[in-house]
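Engineer: Please read through the structure below; I'll follow up with questions.
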Amino acid sequence: MSDALAQRVRVEVEGTVQGVGFRPFVYRLARELGLTGWVQNTRNDVLIEVEGDVPVVEEFLQRLRTDAPSSASVETMSRTVVPILDDAGFSINQSAESGQRVLVIPPDLATCADCQRELADPHDRHFRYPFLTCTQCGPRYSLLAAIPYERSNTTMAGFELCSVCRTEYSTESDRRFHAEPIACPICGPSLYLWDEQGHETANDEGALQQAATLLAQGLVVAVKGLGGFQLWVDAKSEEAVRRLRDRKRRLEKPFAVLFPSIDAIRDYCLLSSDEEALLCSPQAPIVLARKRREASLADAVAPSNPYLGVMLPATPLHHLLMASLGRPMVATSGNRSEEPIVTDEREALVRLKGIADALLVHDRPIARPVDDSVVLVVPGKVQSVDGEQKEKPRADVMILRRARGYAPLAIRWPDNATDGGAQGPILAVGGHLKNTIAFLTGNRVVLSQHLGDLSTLEADAAFRQAVEDLQGLLHIKPQAIASDLHPDYRSTIFARSLSETLSVPLIPVQHHHAHVASCMAEHKLDGEVLGVAWDGAGYGGDGQVWGGEFLIASYRQFTRFASLKPFRLLGGEAAMKEPGRSAAAVLWELMGENMLEHDLPSWGVTHGQRVQWGSLLRSGVASPWTTSMGRLFDAVASLTGLCHQASFEGQAAMGVQFAAEQAVEAGEVTVEGYPMDLVPSDSPDTKWTVDWRSMVSAMLDELRRGCRLERIAVRFHVSLANSIVRVAQVAGFPRVVLTGGCFQNRLLLSLVRQQLEAAGFTVYSHALVPPNDGGLSLGQAVVAAHQLKLTVDMGGRA
């Protein structure tokens, strides 16, 4: 090193840089380049001091970004020149505990290729060991008890490293150098097979082989995985899958399917390159892929559904089981419907009793439940209404359930987002369905893993535990709490009670405003946008049930520019399970009392039902007004005969989507959609109303003439896309945000994006958090931060 050219710099690296092998990478890079200094974890990030010739230091800094491990993410990197110390070498220092804690926690990662090779190598000491891992893969968040990410702060702390593992852990050139959860058959967790009563029938290799035998016989085995139990059964056995449905009380909602290899998935599904990349990524999510018509899985896996939720093994245990079985297996969440996933083997004996015939368990504790993530690829081109293919530069990846592999990575937004507003952490408690929680502090928002619907006492208890868990993990106490505007959500009731206990402000956030703000925060947007928030239900500012909203929104506030024409939510929540009720309500608004005599064969509603429902519609009893786009989808599903009973959320709307996609795939050319009128609103707080009555009237005419349901369904989708473009043109805002559960429909999303972009608008949709209610907590957090800033500006108390 030349003194004249020598330099020492301190580098602070922020992002996903703990628990992903970043420090060993820095160590090896510095040694390769002949630099001296040190690297250490802090509570916030990774701190490096490096010394050497200036050009070499510059190469080091560049390669920190370009050569970092694939599971790492360098968000920001700042450097400061410090005095030269003439170190003797480069070292990894003990983690620093000082400093304000920033919300960065490593997610769990799927088994890497190197570990897979060792797993299959008879000469390797990790051969067929279900818990091998390294710096590039394995459990992180699911076993983390405290920050920073060190073995002593994980559920592996009770497994003392053997001498060989300790050598690997401390050898700089080893792939397991400072890999916190490493283990081997000598010093690590063990595997056991239990019967229904919890009696051990086999262990380790014997447990694996017996479990595989039971599964091959068509029995249900509860497998303790990385973040909780899964229920496994042979996906090719109709009898076995139906048995699982009966036991789990899950009538028709699709099951996810685990395959032994990407080649096996190709045999059953039509995979794009983007879908293959996701399946093979460190996140290894469930990917919704198009099913081949000749796919020979049990019909009960995904009834009447052209898509399969497919995934590859994400842990060594999964790899070993699938290698033995060599066939697709249903691998669904280990719970009864509407309950949280089970994480503890003793609890599993109680909660999975009567479902599982045997349990494959291990003695590595799970710190918190982490379910499998679910993603969808929105294709880069869609058949347009004039038959022409429209290209996009890349496909869009949409997360539908954010959990393993993605949670709890923080969403970062601009440093000046609140202009010095809320200083303390904000807790956002999400909604009622697909719940997540979030903590905001500074310029980061960390979202919890998917927690599920809060419909049961067990789910409510798990939600409360998740709040306590994440708060304790991050060592922060909320200075404000954000919730949904709905006063009766379990999450809102909890937020109200906690705000009183802590004597901190409670900020209720309107449901659809939170949806729009969530997407804005993802894309770091500021100012105002036109937000299109379409979903099943959200409590409106006027006390009605909203769901077909066009909001002119910023983080701080919104105005309701337009909405869907209201109709009755016939019977309240009963309408969500009986699409015929929404059809009756829509027809009542269209034709009044004549609905009672409207005998459309495809509708499938008896005269007695129509009379009964007519009484409710006439009086308005138990039938609040709604502008729900989700319920309009239900009405179309019922009128066309596509769905009369919905056993899970979104089932009817999916039927309409699938029918429309059939028409698109068949190459049907639809010149235009049905008419939908944009008329001045009768409501004082809304400027325009999107009137669907002309569309429904035209649809009824086609049904009477016997037009194909698939053609009607695709025209319906085109009509909705046209209505969004029309409202956007009238509103005049160049940026349009698409959010809410209805935009999980990839045909609708593609059509709307295509038409808006053709009309000159810039379109934003979700990629980092779900468009459904799983993204609400992010929106609530950022809205609350801005509203607290407003309070401060006005001289109030924040």
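Engineer: How about the stretch 724-746: which of its residues are open to solvent by less than 10 Å² (accessible area, probe 1.4 Å), under 30 Å from N435 (Cα atoms) and assigned to a helix (DSSP H, G or I)?
Structural biologist: I724, F743
Engineer: For S163, all conditions in the list (1) open to solvent by less than 50 Å² (accessible area, probe 1.4 Å); (2) farther than 24 Å from A284 by Cα; (3) not hydrophobic (A, V, I, L, M, F, W, C) hold save one; what is the number of the exception?
Structural biologist: (1)
Engineer: Could you tell me which residue of the stretch 677-708 is farthest from A553 (Cα to Cα), considering only residues that are charged (D, E, K, R) and in a helix (DSSP H, G or I)?
Structural biologist: Going through the stretch 677-708, the residues charged (D, E, K, R) turn out to be 677, 682, 685, 687, 691, 693, 701-702, 704-705, 708.
Subset that is in a helix (DSSP H, G or I): 693, 701-702, 704.
Numbers: R693: 27, D701: 38, E702: 38, R704: 42 Å.
This residue is R704.
Engineer: Determine which single condition D86 fails, assuming it passes every other condition in (1) at positive phi; (2) in contact with a strand residue (DSSP E or B) (Cβ under 7 Å, 6 or more places away or on another chain).
Structural biologist: Answer for D86: the failing condition is (2).
Engineer: Another one. Restricting the search to the stretch 60-85, which residues are open to solvent by 50 Å² or more (accessible area, probe 1.4 Å), farther than 19 Å from R43 by Cα and modelled with pLDDT under 90?
Structural biologist: Across the stretch 60-85, the qualifying residue is only S70.
Engineer: Could you please tell me which pairs satisfy a Cβ distance under 8 Å, a separation of 6+ or placement on different chains, a first residue in the stretch 468-480 that is within 15 Å of F494 (Cα to Cα), and a second residue that is open to solvent by 10 Å² or more (accessible area, probe 1.4 Å) and β-branched (V, I, T)?
Structural biologist: P478/V504; A480/V504; A480/I507
Engineer: Among the residues of the stretch 1-58 satisfying the criterion of being among the aliphatic types (A, V, I, L, M) and without any contact (Cβ under 8 Å) to a residue 24 or more places away in the chain, which is farthest from C137 (Cα to Cα)? Steps first, please.
Structural biologist: Of the residues in the stretch 1-58, the ones among the aliphatic types (A, V, I, L, M) are 1, 4-6, 9, 11, 13, 17, 20, 26, 29-30, 33, 35, 39, 46-48, 50, 54, 56-57.
Pick out the ones that are also without any contact (Cβ under 8 Å) to a residue 24 or more places away in the chain and you get 4, 56.
On the way: A4: 42, V56: 30 Å.
For the stretch 1-58, the residue satisfying everything is A4.
Engineer: So A284 clears everything in (1) open to solvent by 10 Å² or more (accessible area, probe 1.4 Å); (2) not in a strand (DSSP E or B) except one condition, right? Which one?
Structural biologist: Exception for A284: condition (1).
Engineer: Evaluate the following for V621: is it assigned to a helix (DSSP H, G or I) and out of contact with any strand residue (DSSP E or B) (no Cβ under 6 Å at 6 or more places or on another chain)? So that I can check it myself, show each step before the final result.
Structural biologist: Details: assigned to a helix (DSSP H, G or I): no; out of contact with any strand residue (DSSP E or B) (no Cβ under 6 Å at 6 or more places or on another chain): yes.
No, not satisfied.
Engineer: Output the residues belonging to the stretch 492-510 that are assigned to a helix (DSSP H, G or I) and more than 15 Å from Q479 (Cα to Cα).
Structural biologist: We begin by selecting, within the stretch 492-510, every residue assigned to a helix (DSSP H, G or I); these are 492-502.
Of everything in the stretch 492-510, those that are assigned to a helix (DSSP H, G or I) and more than 15 Å from Q479 (Cα to Cα) turn out to be T492, I493, F494.
Engineer: A follow-up question, please. Out of the stretch 14-40, which residues are at pLDDT 85 or above, buried (at least 23 other Cβ atoms within 10 Å of the Cβ) and farther than 13 Å from S91 by Cβ?
Structural biologist: V17, F22
Engineer: Going by the conditions given, is A298 under 28 Å from R128 (Cα atoms) and either hydrophobic (A, V, I, L, M, F, W, C) or touching a residue at least 60 places away in the same chain (Cβ under 8 Å) (or both)? Break it down into steps so the answer makes sense when it comes.
Structural biologist: Values: under 28 Å from R128 (Cα atoms): no; either hydrophobic (A, V, I, L, M, F, W, C) or touching a residue at least 60 places away in the same chain (Cβ under 8 Å) (or both): yes.
The answer is no for A298.
Engineer: If you don't mind, another one. Please determine whether any residue of the stretch 520-528 is at pLDDT 95 or above, surrounded by fewer than 24 Cβ atoms within 10 Å (Cβ to Cβ), closer than 22 Å to G405 by Cα and among the aliphatic types (A, V, I, L, M).
Structural biologist: no
Engineer: Next question, about the same structure. Can you tell me how many residues in the stretch 355-366 are in contact with a helix residue (DSSP H, G or I) (Cβ under 7 Å, 6 or more places away or on another chain), crowded, with 20+ Cβ neighbours inside 10 Å and farther than 14 Å from S190 by Cβ?
Structural biologist: Number satisfying all stated conditions: 4.
Engineer: Of the numbered conditions (1) among the charged types (D, E, K, R); (2) assigned to a loop (DSSP other than H, G, I, E, B); (3) within 22 Å of L748 (Cβ to Cβ), K524 fails exactly one; give the number of that condition.
Structural biologist: (3)
The values are calculated or read from the model by the stated rules, or taken from the named source; none is laboratory data. Fair warning: this is a prediction, and the values are worked out from it, not measured in the lab. Because the Cβ atoms are built from the backbone with ideal geometry, glycine has one as well, and the counts that use them run over all protein chains shown. We work out accessible area using only protein heavy atoms, side chains counted, and drop any ligands, DNA or RNA first. Shrake-Rupley method; radii C 1.70, N 1.55, O 1.52, S 1.80 Å.
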